[in-house]
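Each remark here refers to the structure printed beneath this line.
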């Protein structure tokens, strides 16, 4: 065999070996990954791994992804790959308890019909086709969890959403929410009462019942039932020591709680004005006996005013409309909500009234995460200012922003001490004519501190629960329709849903995004804009001034006899037009310089990607070739 034949055979065998290795590795090492991303985007958190280890029965995942349509949208295509690879990581970690099917629902196929039937949402394309990008998860008893469409805007919570689906399918019963409230929510109203013209339940109660098993607890309860998953306390009024102790021990034992307290409940105060003096004590609620031990407090002596978030109201009289800001009725936007917590991320605006503030106790070791905050144009106002009814003008007169950002809602976590360090408070003996003495509840050991990290969300407002502040009712074709006007109910459902999950699920936090911004380019652009903005404004002012002078000269000429310009005026206009052209050129030069450094960086990056790597490979190949030639020459000399 000559050298040419040997070389051809060697190349063929090398190519065959290359293809074989790729095929072998693609099938054998498919699950092997090395995650080098800064935030571990492709590595599951310990909480997700523990939930996967506890799956009791097989779960089937069906990812519907329109591969052909996604080719036209590179951003969707890359995110589709990201979702698929993360789902494959779930399959790998579940040790056979999860199966994954990737389905391309092509138009007019059974797969597309199934996608629609299962509740997936299609995104219409300009070509007339539909793009599907959703997930259907089912267990062996046909319980179903669906992601109608994966939105890249929620990528930071992708792992949380997927792990939550799997957790819900592993434990498919409705979580039980126990409600203790001093509000007239009529949450336990019977169907007979609803249709007999009696007080109607608040819509928030119906919204909670759609997702949870809602049970109203007595305010004199001595023990929280063991089957309660989340305790919701809303505007607690007159709770006895035994009830406070029961709530405390529920949280100490690992129970989750969503607490709404209020320095001044607009809804309660309004109902009292019909038969009681305005501003009666029942308008305020507190749970500071417990909250202080857990690291925070919600004082009742002030409400929060925020100029930027204040709603506009009509303060006129007798048909004279006068719109002013009512500083204690707030419409808070996503800018006021934590984007890093699943409860508040992606929420729309919320409407609150006469809210208080969640204040951190000095020296506390509790981890406190703000969920809802004011802007920096806010201040605390004495509650007495609003006790006798709305007074927008008076609030505006006394308002002076303190420049601080105040917490309205916060998440509490970590290990905390009990609010009852000496154990259960003594049972009260019966008073005269009160019947039997209080019975001691079942004897559980007293917990002086939480057995695990607590899960408590505290909100310094209760009015957000009332229909007035989150919905409007409309009559459509004879049926009453509820139209949300704010995200208040979404916040409540999100909070309960998050707290109802396991501690592993609650512990999941937002992750980074797979698309990374060009931070260097953004910094360069910002610096360039700051450098040239002043010059640009000056040139634009000169430009406008020149245009004004020309218009003025022409206007004078037209108002004079014959409407003709004198030679001096014509010469002056020509001079100004020359200055105008020169100013426009300078403005273009400024805008050109603005992007010069960025263009230079772009050129360097292109050279590094397109030219530098091939050049480096060529140099290495040339060096290796020279070294080989040298060795061959040395051998020839020796021979």
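Take peptides 448-457, 295-304, 388-397 and line them up by average Cβ neighbours within 10 Å, highest first, as a rough protection proxy.
Working: 448-457: 18.5, 295-304: 21.0, 388-397: 14.4.
Descending mean neighbour count gives 295-304, 448-457, 388-397.
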Taking the C-alpha atoms of the range 108-225, how large are the radius of gyration and the largest Cα-Cα span, Dmax, in Å?
20.2, 64
Between residue 575 and residue 620, 0.36 nm times their residue separation minus their Cα-Cα distance comes to what?
9.9 nm
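Can you put 138, 243 in order, fewest other beta carbons within 10 Å first? Mind showing how you got there, number by number?
Details: 138 17, 243 21.
Listing 138, 243 from fewest to most nearby Cβ atoms yields 138, 243.
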Determine the percent antiparallel among the DSSP beta bridges restricted to the range 41-169, to the nearest 5.
70 percent
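Only the coordinates and a few stated rules stand behind these numbers; no lab work does. Quick caveat, the model's predicted, so the values are computed rather than measured. Positions of Cβ are generated from backbone atoms using ideal geometry, with glycine treated the same way; all protein chains shown enter the neighbour counts.
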